[in-house]
Ligand code: OSB
Ligand code: MG
């Protein structure tokens, strides 16, 4: 594909409610979008880097800078001709920055697939027409608010609930939700690396609540700690922040650090590597599910396509647009019986609505 132009856009979309994790509070989704103009179609990429480098080392201003100065010159190197299969190799000598790389690859993939009329789902290897959805609930100010929040999402039809936890806001929250909503609720927790190896006794107290999993209890680089913890608690350990590649996923599993994997394309450098993580886990019988980073409808479309692959065996954090935004960038993703339908149109199958893009864009820069 010949690339005729690339634009970087920043959009700021207010969240319907603040999202609090052990890292801090988000009140808006500040997304960096990559728009690739090919000769026959344009494509969109969404960078999942947050405003501050808390979840990972990347942050949105840094991603814009690294894309502009280091990634796009490599993409353009062959006289502006680039096919998506070669993108990750062209970017490989730049160390790190998986979210920035993933956004560039996503935009080129979208442009290429729109040109050839193939959907993301088909290209990635999806086998399902709809995906089961869970919801990630941020840390709440008190237990009443937590129960109200869970009840609202269950009314909306979500098939499982994930509670964010941190030291001091863990056992009682989980106990209250489990007691109120009963044993049939599919319930899991996400610690976002807020605990240490010294907290084993606290984490063991979660065993009595029959959780589907605990996500990322320890630091991202503490694979041995997770392996030791896995031997001492009954709740299955799922890794998020620790998993940055297919090889890393295979290693973490081989070490006994996790028995379930959360896949986020941005964290592993793009949707093509995400498929390789899926395949690596499938080959050793480890189930995966699709994480989320509060994406707009663009990233959500790609996530839903990814989550339709066969080894995505647990409901993902692929929630409906209304869980995040009053107005999404695209036509909203709407929950249907606890599921989101997988888009079938070319590429992402969705595009930014012109008026929404105009309303939420804070900057727009043509790079070439
Ligand atoms: O750890 O899974 C996480 C959001 C931002 C950063 C990290 C995480 C999350 C979520 C929300 O849990 C998932 C979503 O609904 O998009
Ligand atoms: Mg997580």
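Modelled spin-label separation between residue 219 and residue 234, with each label point placed 7 Å from Cα along the Cα-to-Cβ direction: 3.1 nm. Rounded to the nearest 5, the antiparallel percentage of DSSP beta bridges internal to region 122-341 is 20%.
As an exercise, use a Förster radius of 51 Å and the Cβ-Cβ distance of residue 176 and residue 368 to find the FRET efficiency, rounded to the nearest 0.05.
Working: r = 54 Å, r/R0 = 1.06.
Computed FRET efficiency for residue 176 and residue 368: 0.40.
Per-residue ellipticity at 222 nm from helix content only, as computed over the chain with -39500 (n - 2.57) for each DSSP H run of at least four residues, stands at -9500 deg cm²/dmol.
The distance separating the Cα centre of region 62-139 from that of region 1-16 comes to 13 Å.
Treat the count of other C-beta atoms within 10 Å as a stand-in for reagent exposure and order 30, 110 from fewest to most.
Numbers: 30 18, 110 31.
So the residues, fewest neighbours to most, are 30, 110.
Here the gap between residue 353 and residue 284, fully extended at 0.36 nm per residue and compared with their Cα-Cα distance, gives a gain of 20.7 nm.
Computed from label points 7 Å out along Cα-Cβ, the spacing between residue 80 and residue 254 is 4.5 nm. Model label sites at residue 208 and residue 95, defined 7 Å from Cα along the beta-carbon direction, differ in position by 4.8 nm. Each of 361, 326 was scored by other Cβ atoms within 10 Å of its Cβ. Listed from fewest to most, they are 326, 361. You can think of it this way: the chain between residue 183 and residue 227 has 13.1 nm of extra reach, that is 0.36 nm per residue less the Cα-Cα gap. Cβ-Cβ distance of residue 336 and residue 69, R₀ of 51 Å, FRET efficiency by 1/(1 + (r/R0)^6): the value works out to about 0.75. I'd like the FRET efficiency for residue 155 and residue 40, computed as 1/(1 + (r/R0)^6) with the beta carbon distance as r and R0 of 30 Å, rounded to 0.05. Between residue 155 and residue 40 the formula returns 0.10. Across the chain, the mean sequence separation of Cα contacts (distance under 8 Å, 6 or more residues apart), normalised by length, yields a relative contact order of 22 percent. Taking the DSSP bridge list for the chain and keeping only pairs wholly inside it, about 60 percent are antiparallel. Multiplying the residue separation of residue 327 and residue 25 by 0.36 nm and subtracting their alpha-carbon distance yields 106.7 nm.
Ordered by the count of other Cβ atoms within 10 Å of each Cβ, fewest first, 21, 179 give 179, 21.
Take every DSSP beta bridge whose two residues both sit in region 118-246; close to 10 percent of them are antiparallel.
Quick note: the coordinates plus some simple rules give every number you see, no bench work behind them. The shown structure was predicted, so the numbers you read here are calculated from the model rather than taken from an experiment. Because the Cβ atoms are built from the backbone with ideal geometry, glycine has one as well, and the counts that use them run over all protein chains shown.
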